[in-house]
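Just so it is clear, none of the values below were taken in a lab; they were calculated from the coordinates. What you see is a predicted model, and the numbers here were worked out from it, not measured in a lab. Cβ: placed from backbone, ideal geometry, glycine included. Neighbour counts: every protein chain shown.
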Amino acid sequence: MTAEKMDTISHIGNIPAQGQDELSNIYTGLVKMDDERLVVRKAREGDTKAFEQLYGRYKNFVWSVAFRMTYHHESAEDLAQEVFVAAWRKLPGFEGKSAFSSWLYRITVNTTLNWRRGAQRYVSLPDPEQWEPGDPANDHGPERAAAARDAERILALLLGKLEKEKRLVFILRELEGMSYTQIAEATGWPEGTVRSRLARARDQLAAQAREMEE
């Protein structure tokens, strides 16, 4: 632990409760960043256990994006596997100029968009009853699973009509909660482009939803 962090902690007792909570959150974030840097460094050196930790941290994000870009369980699994295989192969070249998460998000975006460009690859809408526990629609507990699957199926129908770039931006912003800056870093698009594509996606989805209600 650095002297600066020790000095910060030593003064927490003189700060109001709300300020203590804020400092505690900042400190926790710093610890997590330091921890991830260490894990990434070990993974870069070929430590498979360290890479397994990174996989555990980010597998849900990668899976969720892949599934909602395909709505097909096997295709989502293939995509997620491609992402992590690519990450493992490229990791020795990761210089740490950006956060590992930003680097992995970019691999996820590129892999997903390339898949969508492939010939004869269309969004599939399998029977919601066949969706497995790892799918987003089944992550609500048994009593809400049926309603969640219905909502996810409607979302699939709507998203399936969007161009791949608008679809991806909508997923990253509205479903994964990424900031405009994070999306711009992951896609390589200017932030203004990200915002305009998201606005057009929202307008198109709203129009489609109104048509479904009529």
Kindly state, to the nearest 0.05, the FRET efficiency for residue 199 paired with residue 163, given R0 = 22 Å and r defined as their beta-carbon distance. 0.95
What distance in nm separates the two pseudo spin-label positions at residue 59 and residue 174, each 7 Å out from Cα along the beta-carbon direction? 2.9
Quick one: grab Rg to one decimal and Dmax as a whole number for the stretch 160-214, Cα atoms only, in Å. 11.6, 39
Taking the beta-carbon count within 10 Å as an exposure proxy, list 58, 71 from fewest neighbours to most. 58, 71
Arrange 68, 149, 106 by Cβ neighbour counts within 10 Å, fewest through most, would you? 106, 149, 68
Report the FRET efficiency, 1/(1 + (r/R0)^6), for residue 77 and residue 214, where r is their Cβ-Cβ distance and R0 is 30 Å, rounded to 0.05. 0.25
Could you work out how far apart the two model spin labels at residue 98 and residue 151 are, taking each label as a point 7 Å from the Cα in the direction of the beta carbon, and quote it in nm? 3.1
